[in-house]
Amino acid sequence: MSHEVINQPPPLVGHDLSADPMLLSALEREGAGWAAGELRQLGVLGGTARAQEWGRLANEHPPVLRTHDRYGHRIDEVEFHPAWHELMTVAVENGLHAAPWTSARPGAHVARAAKFYVWSQVEAGHGCPISMTYASVAALRHSPGLAAVWEPLLASRSYDFGLRPAAEKRGVLAGMAMTEKQGGSDVRAGTTRAEPLADGTFALTGHKWFNSAPMCDAFLVLAQAPGGLSCFLLPRVLPDGSRNAMHLMRLKDKLGNRSNASAEVEYTDAIAHLVGEEGRGVRTIIEMVNMTRLDCVIGSAAGMRLGVTQALHHTGHRHAFGRPLRDQPLMRNVLADLILESEAATLLMMRLAGATDRAVAGSAPEGLFRRTALAVAKYWICKRAPGHAAEALECLGGNGYVEDSGMPRLFRESPLNGIWEGSGNVAALDLMRVLTRQPEAVEAFFTEVSLADDPRITTTLTELQKSLTTATDPDARRIAQQMALLLQASLLVRHAPEPIADAFCASRLSGNHGGAYGTLRNADLNAIIETA
């Protein structure tokens, strides 16, 4: 009898990760309803035991750096477990990378965002090269000649792993290298040099402290050219088949994101192509950064959804004091609060995806709204992820603290998006730059918030606008938080079931929510939980 297993939840498999009412309604509203079938296929696959096992194996067997072959030749290769390649194959075949850039169909970027959200719940680490490949096209378009060569390969739905000349591959991936030893956010302090060559290329020499996804086929790199800090495309393998002089010194031993390789690299006269204008490197690569910041928001929202799903599953099957945990009043309050945070994050990330889609298509108003909303969302959604993951883990009790549950992996992953592509301070100060330099973008944001007819939003918005007249940099985080909550509240009032919108406005706009979950008052907890 001691070996009989009782009061344990069954494995969470065989479910559809896309069966997310908030996600599906936003998919339709943002112009990508046509992708619902594709999204469901991906969601069903993501819920299988096979896909879940890929995620586990990719993290339990992290990448290994091979600097030399058996004969002493420098090869600088990264070896991955087969599960990594399975995850990457699915992602690329479903267009989670650069495929939207070659589609004229409205909503292509929205469809891609929804798929990225769903598939990231299977395993988050492999989203790094997928995200950067997606984002690289925006920067490459500053040099139409380079874009004409690389974009079709970047957008290909063929995952073709291995170091070979790009022209010999069915599809390629792109990475990024900006950070150096002496500074992360201060990229202008970089010392990597770019010397012009007679054939129009440049020779790069220097050291990068973080090179994201070093197994990619090309990288966008910042380096100091004669005309100032510039952006370059550095191919991993040269057209003649020789390896470019990009040496992998070591792989970073990271808190989370274990399946993905992040490297420290050195260049010694590595061949690279100028992207955009010389001396305008930051302005060029910021196009890529903005796209990856969107994916930071999507990834954090995906993690919240995964945490809610795990918590609801466990508490629905685990009994305590004579009834399921989910039916215990205080646990219901915690679950409802976690759901509110997740639903608000999902709604905001889909609104940003829609703005991106329309901005890429030429909409100036959507571009202005996106400029402010992206900074706000990058700060707040990514900042909320770690606390949300910790609370969701706690819903599983001791079971959640054990690796087999998958919750420790979710928790370790949760701080990443708050750091990647600009920490909280960077995002908040970016918002302050918008407030002082682009009033039209701020006005577009407030116009969006005002679309909700709710006195709680109107009152809070008026108070915020008054405070902006005297705001300085030390106020940046407070302002970013208030603007994020207002935008989320506005979206929920317009597009979510009334119990969710009411509970969110009552708890978040009051300023009394704090950092703990499970403190909702006078909320329809049953209705909130049923919506998830």
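No lab work stands behind these numbers, since they all come straight from the coordinates. Since we're looking at a predicted model, the values are computed, not measured. For neighbour counting, all protein chains shown are included, and Cβ atoms are generated from backbone atoms with ideal geometry for every residue, glycine included.
Toward the positive end of the charge dipole of the stretch 237-313, with +1 on the Cβ of Lys and Arg and -1 on the Cβ of Asp and Glu, the farthest Cα among Gly241, Gly276, Gly303 is that of Gly303. The packing ranking of peptides 228-235, 405-412, 299-306, 70-77, highest mean first, is 299-306, 228-235, 405-412, 70-77, where packing means the average number of other beta carbon atoms within 10 angstrom of each residue. Shown for the stretch 21-279 is the translational diffusion coefficient from the Stokes-Einstein equation, using the Kirkwood radius over Cα pairs, a temperature of 10 °C and a viscosity of 1.306 mPa s: 83 µm²/s.
For the stretch 160-235 and the stretch 1-43, what is the separation of their C-alpha centers, rounded to whole Å? Between the Cα centre of the stretch 160-235 and that of the stretch 1-43, the gap is 39 Å. Bridging of Lys181 to lysines at a Cα separation below 26 Å is possible for Lys208, Lys252, Lys254, Lys378, Lys383, once same-chain residues fewer than 8 apart are set aside. Dipole magnitude for the chain: about 360 debye, using +1 per Lys or Arg Cβ and -1 per Asp or Glu Cβ, origin at the Cα centre. Farthest towards the positive end of the charge dipole of the stretch 21-279, among the residues Leu163, Cys231, Ala108, is the Cα of Ala108, using unit charges on the Cβ of Lys, Arg, Asp and Glu. Taking the C-alpha atoms only, the angle from helix 498-508 to the longest principal axis of the chain is near 80 degrees.
Simple rule: put +1 on each Lys or Arg Cβ and -1 on each Asp or Glu Cβ in the stretch 283-531, find the dipole, and look at Gly422, Gly518, Ala353; the Cα lying farthest toward the positive end is Gly422.
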